[in-house]
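**Q** One structure, as structure tokens, below. Some questions next.
The values are calculated or read from the model by the stated rules, or taken from the named source; none is laboratory data. Since the model is a prediction, treat every value here as computed from it, not as a measurement. With ideal geometry, Cβ positions are generated from the backbone for all residues, glycine too; neighbour counts draw on all protein chains shown. Surface areas here come from the heavy atoms of the whole protein model, side chains and all, with no ligands, DNA or RNA. Shrake-Rupley method; radii C 1.70, N 1.55, O 1.52, S 1.80 Å.
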Amino acid sequence: MTSSPFDLSGKRAVVTGAGRGLGQGVALGLAQAGADLVLVGRPDSQTATETLVRDLGRDVEVVELDLADRDAISTVGAHLAAREVDILVNNAGIIDRHDAVDVTEDSWDAVLDVNLSGLFFLTQHLGRPMVARGHGKVVSIASLLSFQGGVRVVSYTASKHGVAGITKALANEWGPRGVQVNAIAPGYMATDNTRPLRDDPDRARSILERIPAGRWGTSQDVAGAAVFLSSSAADYVNGHVLVVDGGWMAR
Ligand code: NAP
């Protein structure tokens, strides 16, 4: 029997920030599709996901990394690059909400360090051996704010436009070497990232009114797209930012 093109059996996938929210859903989705997991994130925050992945019968390893720490990215990147990593999902990300006139340098740097610089340098470390081997998949979690401006989140918007740019730039360089680099742009998903929006009744109502699906998204909604882009079913998809938003962008 031929295997499904979505089958990830025998693949090793690294997911950053897999302890909660979308990263947890993506890690579980990849594990359900057959992948073994390396959960990369801050100390102690991967424990729940580690147990859930193990319960699915997959191998799972936790590697501690604060993506704001450039030296740690080098150390962990070198460690992971020495292993055969087939799939990298850049999920970890932060948001800091302020009026643009009030954004401090510290706030700006914190968001850009994790969402953009950390993402790029970890991808560089893990992408190098993928390119040398001639195969691999990189999937980054972008945002609707890779396309739109957003409200009171200028640093986040800058970082997510950057993630879309990195995705396309790496696709151009690495596509000819057998590595596909894509991104997922989730819409409004019910995680800690969007809690302040959902806690504001007016904002929550106006957001929900624009979503044709009539509901906020879940981590499972993103997991399917991540499995697709990590699998051989997406071998001819490269440099794409796949919107998973219940139809928001169609309005
Ligand atoms: P979340 O629940 O706030 O999760 C954020 C994740 O990033 C956590 O696992 C967190 O780890 C990790 N993280 C943050 N800073 C880190 C650091 N310095 N080093 C390592 N890991 C770090 O938010 P989420 O909604 O699941 O967000 C996941 C991704 O989706 C982000 O890139 C976000 O921008 C993107 N996204 C979300 C939405 C949405 O509507 N929710 C929409 C578009 C895009 P800890 O648990 O250790 O803090």
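**Q** Write down the accessible area per residue of the chain in Å², having rolled a 1.4 Å probe over the full set of protein chains. Intermediate values should be presented prior to the final figure.
**A** Working: 11490 Å² over 251 residues.
That works out to 46 Å² per residue.
**Q** Explain nothing, just the number: dipole magnitude of the chain about its Cα centre with +1 on each Lys and Arg Cβ and -1 on each Asp and Glu Cβ, in debye rounded to the nearest 20.
**A** The calculation lands at about 760 debye.
**Q** Using only the Cα atoms of the stretch 53-101, each taken as one equal point scatterer with no solvent, compute I(q) by the Debye sum, divide by I(0), and report log10 of the ratio at q = 0.16, 0.18, 0.33 Å⁻¹.
**A** For the requested q values the scattering log ratios are -0.67, -0.78, -1.28.
**Q** Still on this structure: Ordered by packing density, taken as the mean number of other Cβ atoms within 10 Å over each peptide's residues, highest first, how do 82-90, 66-74 rank? Each step should come with its number before you reach the end.
**A** Working: 82-90: 20.6, 66-74: 15.8.
Packing proxy ranking, top to bottom: 82-90, 66-74.
**Q** What accessible area, in Å² to the nearest ten, does a 1.4 Å probe give for S159?
**A** 0
**Q** To the nearest 0.05, how large is the calculated FRET efficiency for N172 and R97 if R₀ is 30 Å and r is the Cβ-Cβ distance?
**A** Details: r = 33 Å, r/R0 = 1.11.
After rounding to 0.05, the efficiency reads 0.35.
**Q** List, in order, the whole-Hz ³J(HN,Hα) value for each residue of the stretch 203-208 obtained from phi through the Karplus relation with A = 6.51, B = -1.76, C = 1.60 and θ = phi - 60°; use x for Gly and Pro.
**A** With the stated coefficients, the stretch 203-208 comes to 5, 4, 5, 5, 5, 4 Hz.
**Q** Ignoring ligands, DNA and RNA, what percent of the accessible area of the stretch 140-251 is carbon or sulfur (1.4 Å)?
**A** Values: 2610 of 5020 Å².
Carbon and sulfur atoms account for 52 percent of the accessible area of the stretch 140-251.
**Q** Between the stretch 53-98 and the stretch 202-216, what is the C-alpha centre distance in whole Å?
**A** 32
**Q** Could I get the Rg over Rh figure for the chain? Both from C-alpha atoms, Rh via Kirkwood, rounded to two places. Write out the running numbers ahead of the final one.
**A** Working: Rg = 17.3 Å, Rh = 18.2 Å.
Result for the chain is an Rg/Rh of 0.95.
**Q** Quote the relative contact order of the chain in percent (integer), defining contacts as alpha-carbon pairs under 8 Å separated by 6+ residues.
**A** On the way: 499 pairs, mean separation 52.6, N = 251.
About 21 percent, as a whole number.
**Q** Another one. Using modelled backbone amide H atoms (1.01 Å from N, in-plane), which distant-in-sequence or interchain residues come within less than 5 Å of R20's amide H?
**A** The answer is none.
**Q** Testing the spin-label approximation: label points 7 Å from Cα along Cα→Cβ at S232 and A82. State their distance in nm.
**A** Going from the S232 label point to the A82 one covers 3.1 nm.
**Q** Something else now. What figure, in Å² to the nearest 10, do you get for the accessible area of H98 with a 1.4 Å probe and non-protein molecules left out?
**A** The value for H98 is about 60 Å².
**Q** Lys and Arg at +1, Asp and Glu at -1: add these up for the other residues within a Cβ distance under 12 Å of S159 and post the number. Before the final figure, lay out the partial values.
**A** On the way: positive: K160; negative: D96, D109, D113.
Taking every Cβ under 12 Å from that of S159, the sum is -2.
**Q** Please list the radius of gyration and Dmax for the stretch 145-248, considering alpha-carbon atoms only, with Å as the unit.
**A** 15.2, 49
**Q** So what J values fall out for the stretch 29-38 if you push phi through Karplus, 6.51 cos²θ - 1.76 cosθ + 1.60 with θ = phi - 60°, rounded to Hz, Gly and Pro as x?
**A** Coupling constants for the stretch 29-38: x, 5, 5, 4, 7, x, 6, 8, 10, 10 Hz.
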